[in-house]
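Chemist: I'd like to ask some things about the structure below.
No value in this document is a laboratory result; all are computed from the given coordinates. Everything numeric here is computed off the predicted structure, so don't read it as measured data.
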Amino acid sequence: MSQRALLVVDVQRDFLPNGALAVPQGNEVIPVINRLGRKFAEIAVTQDWHPAGHISFASTHGKLPFQDTAQAAYGEQALWPDHTVQNTPGAELAPGLDLPHTGLILRKGFRLDIDSYSAFLENDHSTSTGLAGHFRDKGITDLYLTGLAWDYCVGYSALDGKQLGFNITVVIDAVRGIDPKSMATMSQRWNEAGVRTITSEALLGH
Ligand code: VGL
Ligand code: ZN
């Protein structure tokens, strides 16, 4: 039997318009996710949760965000403006997100020297966040992905989730991305990996 869960990735203040790492139209996913949430018995939410001085912050390296990169133990790390710093307002879940029966809020990216785009594996591709075990323990086979950002945290979560044996569907109107080019590249990678997409309308049946 298949059992489904909703995964809501990084819908946090800093990723909304005017946030530290704003995703264009990021706020538009909130009502869609709230509607979806009412139809799912199992919901897990992720929270990007970086310490000050994190390896993914351009400021840590005296470099420029969005263009420079840094060398991490696991390879090249893209650099971002300081964002979702632990215990700051920007790290809070988006106001308006209304998912009262969320069973798990999972934090990621909290180690100084390892970033984590994926909700399943950190950027070293080996440190588990524990999320796959959580879903397996509950007999979940099918995951529906939503949130921010299409081309990074949602994108890599979809690829890793598929690799870990889940059926993965991205709810395409419940995600927004940072950069159109990397969104197209990610969509291609989803196709090649067998990650599916669906609209919330088709999923909700109206
Ligand atoms: C994200 C870049 C850096 C995301 C998080 O949530 O997609 N992107 N940290
Ligand atoms: Zn981050």
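Chemist: How long is the gain from T60 to S2 if the chain were fully straight, where each residue apart is worth 0.36 nm and the alpha carbon distance is subtracted?
Modeler: 16.4 nm
Chemist: Another one. Could you work out how far helix 180-193 tilts from the main Cα principal axis of the chain, as a 0 to 90 degree angle to the nearest 10?
Modeler: On a 0 to 90 degree scale, this one is about 50.
Chemist: State the number of lysine pairs found in region 38-187 whose Cα atoms come within less than 29 Å, restricting to pairs 8 or more positions apart or on distinct chains.
Modeler: Count of close lysine pairs: 10.
Chemist: Sticking with this one: What is the helix-to-structure angle for 153-163, meaning the angle in degrees between its Cα long axis and the longest Cα principal axis of the chain, kept from 0 to 90 and rounded to the nearest 10?
Modeler: 60
Chemist: Further question: Can you give the three extents of the C-alpha atoms in region 84-206 along their principal axes, from longest to shortest, in whole Å?
Modeler: 39, 36, 33
Chemist: Using the reciprocal of the averaged 1/r over all distinct C-alpha pairs, how large is the Kirkwood radius of region 24-82 in Å?
Modeler: 14.1
Chemist: Averaging over every viewing direction, what projected area does the convex hull of the Cα atoms of the chain cover, in nm²?
Modeler: 10.8
Chemist: Where Rh denotes the Kirkwood radius from the mean inverse Cα pair distance, what is Rg over Rh for region 158-206? Please report the intermediate quantities before stating the final value.
Modeler: Numbers: Rg = 11.4 Å, Rh = 11.5 Å.
Reported Rg/Rh (Cα atoms, Kirkwood Rh): 0.99.
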